[in-house]
Amino acid sequence: MRKFLIDTDTASDDAVALCMALREPDIEVLAITVVAGNVPLAQAVQNALYTVELCDADVPVYAGASAPMLRDLVTAEDTHGQDGMGDIGLPLAGRTPTAGWAPERIVELIRSHPREVTLVTIGPLTNLATALLWAPDIATLVERVVIMGGTGAHGPGNVTPSAEFNFWVDPEAVRVVFRSGMPLEVVGWDISVASAVVTPERAAQVRALGSVVGDFALDIQATLASFVEHETRLAGPDFPDPIAMAHAIDPSPASIQRVGVDIAIGPDPMRGALIVDHYGFSELAVNASIVTNYPEPAFFDMLLRLLA
Ligand code: BDR
Ligand code: CA
């Protein structure tokens with residue numbers, strides 16, 4: 001069994017990514033650690049706990065950072081709903097996370113399974129950066145770090161013209177992670193736009209599964225569907241965290257480029273912009289693999305299999 005550790009600001013597309021990992025028979029999810037981002041920490045924790053329960057999984061959920069390292073938290077209820085899960089009336093209160101603090105648990109779990117853990121981050125990088133500042137040794141003890149963030153290969157951002165939400169929320173944390181020496185694999189929002197848009201045809205395939213988890217995966221996108229219709233103008237809600245999870249589960253269909261990456265730290269309009277040295281123009285050391293393509297059919301084949 002491959003060992004996964006998932007760090008999430010659980011909202012509507014995060015929940016689908018969690019379902020994928022929790023339902024993949026080949027994967028043991030050691031823990032889910034939660035960070036503030038799409039919604040405040042307490043709500044994200046409730047959303048993660050609800051999703052684990054829905055999947056009938058026995059996985060600890062730990063709360064972590066309630067705000068970025070140096071900035072005020074900016075949330076995204078306009079994208080995911082007031083409850084982060086599409087405001088469809090789910091009972092998202094009253095569950096209790098496991099005792100323990102997320103950055104501390106990230107360190108302990110990586111240290112206790114050296115070179116065995118795939119860490120998948122699908123929210124702002126605050127928990128991971130905090131863990132790294134406290135325990136830099138985890139950089140070389142982790143097997144893989146798959147990061148949903150930035151807009152790495154092509155295309156604009158989804159929160160400013162140049163920035164993607166997870167990297168924009170806590171850019172200082174991104175810099176700590178980029179300079180850590182961790183084996184980074186970055187899946188940007190551009191890959192989601194290219195290959196993870198749930199068009200009406202794809203939604204019909206998910207509905208045709210007739211599964212509780214499949215219906216859940218679509219129903220909780222109610223707010224996101226309206227956001228993409230009016231803001232990003234895609235042909236349906238897109239799934240950035242699920243396609244990052246697909247790459248974590250099976251990287252074989254992906255096209256990958258080894259590059260130097262950095263993050264713009266200043267104010268808007270460049271705050272949180274991912275800098276990718278595609279052509280080796282700068283002095284940036286090669287410190288990451290960025291996914292430049294993950295084929296749409298490969299993503300949806302996996303999604304349909306795991307939601308069935
Ligand atoms: C990222 O930000 C959030 O809206 C999603 O959950 C995803 O992690 C996409 O920019
Ligand atoms: Ca997320």
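The values are calculated or read from the model by the stated rules, or taken from the named source; none is laboratory data. In this text, all values refer to a predicted model and were calculated from it rather than measured experimentally. Virtual Cβ from ideal backbone geometry, glycine too; neighbours counted across all protein chains shown.
Brief remarks follow.
- Region 1-60, residues that are touching a Phe, Trp or Tyr at 6+ places or on another chain (Cβ under 9 Å), away from ligand 2 (no atom under 11 Å from the Cβ), over 21 Å from VAL206 (Cβ atoms) and not hydrophobic (A, V, I, L, M, F, W, C): GLU28, THR33
- Residue that is surrounded by the fewest Cβ atoms within 10 Å (Cβ to Cβ), among those in region 1-19 that are more than 10 Å from ligand 1 (Cβ to nearest atom) and either more than 15 Å from the chain's Cα centre (by Cα) or farther than 13 Å from TYR62 by Cβ (or both): MET1
- Residue in region 181-199 that is part of a strand (DSSP E or B), at pLDDT 95 or above and within 16 Å of ligand 2 (Cβ to nearest atom) present: yes
- Within region 58-65, not a single residue is modelled with pLDDT of 95 or more, on the phi > 0 side of the Ramachandran plot and within 20 Å of the chain's Cα centre (by Cα).
- Residues of region 1-30 that turn out to be farther than 23 Å from GLU104 by Cα and assigned to a strand (DSSP E or B), as a count: 0
- VAL206 vs. criteria in a helix (DSSP H, G or I), touching a Leu at 6+ places or on another chain (Cβ under 6 Å) and under 23 Å from VAL159 (Cβ atoms): no
- Among (1) in contact with a Leu (Cβ under 9 Å, 6 or more places away or on another chain); (2) touching a residue at least 60 places away in the same chain (Cβ under 8 Å); (3) more than 19 Å from PRO183 (Cβ to Cβ), the one test that THR96 misses: (2)
- Considering region 211-264, the residues that are part of a strand (DSSP E or B) and farther than 23 Å from ASN47 by Cα include one that is farthest from ligand 2 (Cβ to nearest atom), namely ARG258.
This table checks each residue for (1) of a type in the set (Ser, Thr, Tyr); (2) closer than 17 Å to PRO297 by Cα; (3) crowded, with 22+ Cβ neighbours inside 10 Å; (4) over 20 Å from the mean Cα position of the chain (by Cα).
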| position | (1), (2), (3), (4) |
| --- | --- |
| GLN221 | no, no, yes, no |
| HIS230 | no, no, no, yes |
| ASP238 | no, yes, yes, no |
| ASP241 | no, yes, yes, no |
| ALA244 | no, yes, yes, no |
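- Residue in region 86-99 that is among the hydroxyl-bearing types (Ser, Thr, Tyr), out of contact with any helix residue (DSSP H, G or I) (no Cβ under 6 Å at 6 or more places or on another chain) and within 14 Å of LEU5 (Cα to Cα) present: no
- Scanning region 152-176 for residues that are closer than 25 Å to PRO251 by Cα, out of contact with any Leu (no Cβ under 6 Å at 6 or more places or on another chain) and part of a loop (DSSP other than H, G, I, E, B) returns ALA153, HIS154, GLY155, PRO156, GLY157, ASN158, GLU164.
- Listed conditions (1) more than 20 Å from MET20 (Cβ to Cβ); (2) within 16 Å of ligand 1 (Cβ to nearest atom); (3) crowded, with 17+ Cβ neighbours inside 10 Å; (4) among the small types (Gly, Ala, Ser) are all met by GLY155, apart from (3).
- Pairs where the first residue, in region 194-209, is closer than 23 Å to ASN293 by Cβ and the second is β-branched (Val, Ile, Thr) and assigned to a helix (DSSP H, G or I), C-beta under 6 Å, 6+ apart: ALA196/ILE243
- Considering THR51, THR33, THR79, the condition of being part of a helix (DSSP H, G or I), in contact with a helix residue (DSSP H, G or I) (Cβ under 7 Å, 6 or more places away or on another chain) and away from ligand 1 (no atom under 12 Å from the Cβ) is satisfied by THR51 alone.
- Residue among LEU41, LEU22, LEU73 that is surrounded by fewer than 24 Cβ atoms within 10 Å (Cβ to Cβ), within 16 Å of ligand 1 (Cβ to nearest atom) and without any contact (Cβ under 8 Å) to a residue 60 or more places away in the chain: LEU41
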